[in-house]
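In what follows, a single structure is set out as C-alpha cells and then discussed.
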Amino acid sequence: MAKKSDSALEKKLTLKTESAWNDADKKTVKAIQDFGEGYKEFLRVGKTEREVVDLTVKIIEKKGFKSIDKYKKLKAGDKVYMVNKGRVMAMAVIGKKGLDDGFRMIASHVDSPRIDLKQKPLYEDSDIELALFKTHYYGGIKKYQWVNIPLAIHGVVVKADGKKVNIVIGEDESDPVFVIGDLLPHLAHKTQGTRTLFEGIKGEELVILAGHQPLSSEKDAKNKIKLHILKLLNDKYGITEEDLISAELEAVPAMNPRDVGLDRSMIGAYGQDDRACAYTSLMALLDIEKPEMTNIAYFFDKEEVGSIGATGAQSNYLELSVSQIMAKLDPDFKYFHLKTIISKSIALSADVDVAVHPVFKEVHELNNAARIGHGIVICKFGGARGKGGANDATAEYMGQVRTIFNKNKIPWQSAELGRVDEGGGGTVARFLAENNIDVVDCGPALLSMHSPYEISSKADIYHTYRAYRSFFSEKDI
Ligand code: MN
Ligand code: MN
C-alpha cells in the first residue's frame with residue numbers, strides 16, 4: 001500500500017487505489033464474510049452452465065420471479081425470467097419507464113473451462129486392460145493442471161426415446177471420482193521433460209480413467225472391461241453407448257469451494273470465471289424493487305469458446321428476449337422499436353479480470369494492473385495486439401460508470417488484462433456493443449484464472465455485488 005501523503009494538493013490531484021479491507025469496519029467485514037458463504041454454496045451446486053441456470057431459477061422463483069409465459073401482461077415491478085435451451089437465461093425487474101428509454105443490463109457468462117467427454121468417449125485398452133474416456137477440452141486451459149486431480153462428471157444424456165437423464169457422478173462423498181493420470185517423474189524426462197509446459201500434456205492425452213474390472217460373467221464378450229462400464233451406466237441411468245452421442249458430459253473438478261488463507265480472506269473454487277459475476281449480479285437484481293429503468297441480468301453460455309452458437313452472446317438471444325418482454329408490455333410494439341430500445345440501453349459486461357500474481361509480475365504493467373482485494377475492476381478494453389477484438393468503451397461511458405461507483409462508495413480500480421502484446425482475451429462486451437449499447441467490462445480480479453481452482457478475494461466479491469446493485473438502482477444517470 002502506498003504511503004499516505006500529507007500534501008493536500010497531491011491528495012486532491014492524484015489517483016490512489018488501496019485494499020478494500022483497509023477501511024472495512026467490523027460490520028463490513030461481517031457482511032463480506034457472510035456474502036462469501038452464499039457465494040461458495042452457489043459455486044458448489046452450480047458447476048456447469050445448465051446447473052447454474054437450474055439453480056438460479058430455483059433461487060429467483062422463491063423471490064417472486066415468474067417465467068414469462070406465466071404473465072399475460074407486464075407492468076412496473078414485475079419480476080420475470082426466460083430460459084433458452086437450458087443454457088442461457090435472462091431475468092428482469094420491470095421499471096417504471098418500461099422499455100421506452102432502454103434498459104440497464106448486466107451480462108455475465110455461466111460456462112467455464114472444463115474437460116468435455118467426446119461423443120464416442122468410451123474405449124478399452126486391451127493391452128493394459130483399462131477402460132477410458134476420450135475427451136475434448138473446452139475453453140482456454142493449461143492442460144497439465146487437469147491431471148491427477150479428482151474430477152466429477154456432470155451433464156445430460158438424451159436417450160433414444162427423447163427422455164433426458166441428468167448425471168452427476170463424483171460430488172457425493174460416497175461417489176467414485178475420475179482422474180486423468182499423469183506420467184511418473186522417474187520416466188518422464190525424455191518424453192514430457194523435453195516438451196514445453198503447455199505441451200506437457202497434449203489434448204488427446206487428456207484421457208480419463210473409467211474402470212478396469214472385466215464383466216467376467218460375459219464369457220463371449222470381446223471388451224469385457226468396457227462392457228462392464230456400459231452395464232453400470234445402463235443399470236443406473238438406462239443408457240446405451242449410442243445415447244452418449246446425444247449427451248453433454250463435462251468433467252469438472254470434484255473439489256468444493258473453500259476459504260483460502262489463515263485470515264479466511266479469499267475463496268478457492270472451480271468456475272469463478274464467471275460465476276463470480278453471475279452470482280453477484282443475481283444477488284444485486286434480487287435487491288431491486290420497482291426501479292426507474294428496467295433492469296435485466298443475462299447469463300450467457302459459450303463465452304469461453306468465443307460466444308458462439310444459439311446460447312452464446314453472438315446469437316440473437318438478446319433481441320429475442322427483449323422482444324418477448326416488449327410484447328408483454330405493449331402488445332402493439334413494432335419490431336423496429338426493438339433496435340432503438342436496445343441501442344438506448346447501457347450495460348456492464350460482468351466478467352472477471354486477472355489479478356497480479358506475486359511471482360509473475362512481469363506479465364503486467366503494474367500501474368495498469370488489478371490487485372486482488374482492491375475492489376471491482378473497470379476494464380476499458382480487452383483484446384490483443386493493439387486492442388484487436390476489443391470493445392474499447394467510450395470515455396463518456398467510463399465517466400458515467402465511475403461516477404456511479406464513486407457516488408456509492410464502491411472500491412474500484414482500473415486495469416487492462418496484461419502488458420501490451422503479452423497476450424489478451426475477450427468477453428461478451430464487444431457483442432453487446434455491436435447493438436450500439438454502451439458497455440464496459442467490470443468484475444472482480446482472480447488469481448489462477450482458468451485453473452481448476454481459481455482464487456478470489458471475498459472483499460472483491462462483496463463489493464462487486466454492491467457495484468452491480470448501484471448500477472441497477474442509481475437514478476442520476
Ligand atoms: Mn469470463
Ligand atoms: Mn474465461
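Below, the figures for the structure above:
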quantity: Gain upon complete extension [Lys236, Leu13; 0.36 nm per residue less C-alpha separation]; calculated: 73.6 nm
quantity: Modelled FRET efficiency - R0 25 Å, Ser343 with Asp287, Cβ distances, 0.05 increments; calculated: 0.35
quantity: Net +/- balance of residues flanking Arg114 in space, Cβ distance below 14 Å, scoring K and R +1, D and E -1; calculated: -4
quantity: Gain on full stretching of the segment that runs from Asn166 to Arg419 - 0.36 nm per residue minus C-alpha separation; calculated: 86.8 nm
quantity: Farthest positive-ward along the chain dipole, Cα basis, beta-carbon charges - from Gln314, Val156, Ala8; calculated: Ala8
quantity: Rounded Å value of the spacing that divides the Cα centres of the range 165-221 and the range 61-104; calculated: 44 Å
quantity: Computed [θ] at 222 nm, deg cm²/dmol, the chain (DSSP H ≥ 4; -39,500 (n - 2.57); rounded to nearest 500); calculated: -8000 deg cm²/dmol
quantity: Dipole magnitude (debye, nearest 20) for the chain, charges at Cβ of Lys, Arg, Asp, Glu; calculated: 1220 debye
quantity: The chain - share of DSSP beta bridges that are antiparallel (%, nearest 5); calculated: 70 percent
quantity: Helix axis angle, 395-407 relative to the chain longest principal axis, alpha carbon, degrees; calculated: 80 degrees
quantity: Dipole magnitude (debye, nearest 20) for the range 115-253, charges at Cβ of Lys, Arg, Asp, Glu; calculated: 320 debye
quantity: Residues Val359 and His189, FRET efficiency given R0 of 22 Å [Cβ-Cβ distance, rounded to 0.05]; calculated: 0.30
quantity: Extension reserve of the Asp330-Asp100 stretch, reckoned as 0.36 nm per residue once the Cα distance is removed; calculated: 81.8 nm
quantity: Label-to-label distance, nm, for residues given as Arg258 and Glu218 (7 Å Cα→Cβ offset); calculated: 3.9 nm
quantity: Cα-based convex hull volume of the chain per residue, rounded to whole Å³; calculated: 173 Å³
quantity: 26 Å Cα-Cα threshold exceeded, pairs from Lys85/Lys163; Lys159/Lys328; Lys72/Lys164; Lys97/Lys328; Lys30/Lys96; calculated: Lys159/Lys328; Lys72/Lys164; Lys30/Lys96
quantity: With Cα atoms, 0 to 90° folded angle of helix 458-473 axis to the chain main axis; calculated: 50 degrees
quantity: Extent along principal axes [Cα atoms of the range 115-253; Å; largest to smallest]; calculated: 48, 35, 28
quantity: Stokes-Einstein D for the range 1-92, Kirkwood Rh over Cα pairs, 20 °C, 1.002 mPa s (µm²/s); calculated: 123 µm²/s
quantity: Rounded to 10°, Cα long-axis angle of helix 26-45 versus longest principal axis of the chain; calculated: 40 degrees
quantity: Order of Ser451, Ser7, Ser457 - criterion: other Cβ atoms within 10 Å of each residue's Cβ, fewest first; calculated: Ser7, Ser451, Ser457
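A short reminder: the numbers here are calculations on the coordinates, not readings from a lab. Fair warning: this is a prediction, and the values are worked out from it, not measured in the lab. Neighbour counts are summed over all protein chains in view; Cβ atoms, including those assigned to glycine, are modelled from backbone coordinates with ideal geometry.
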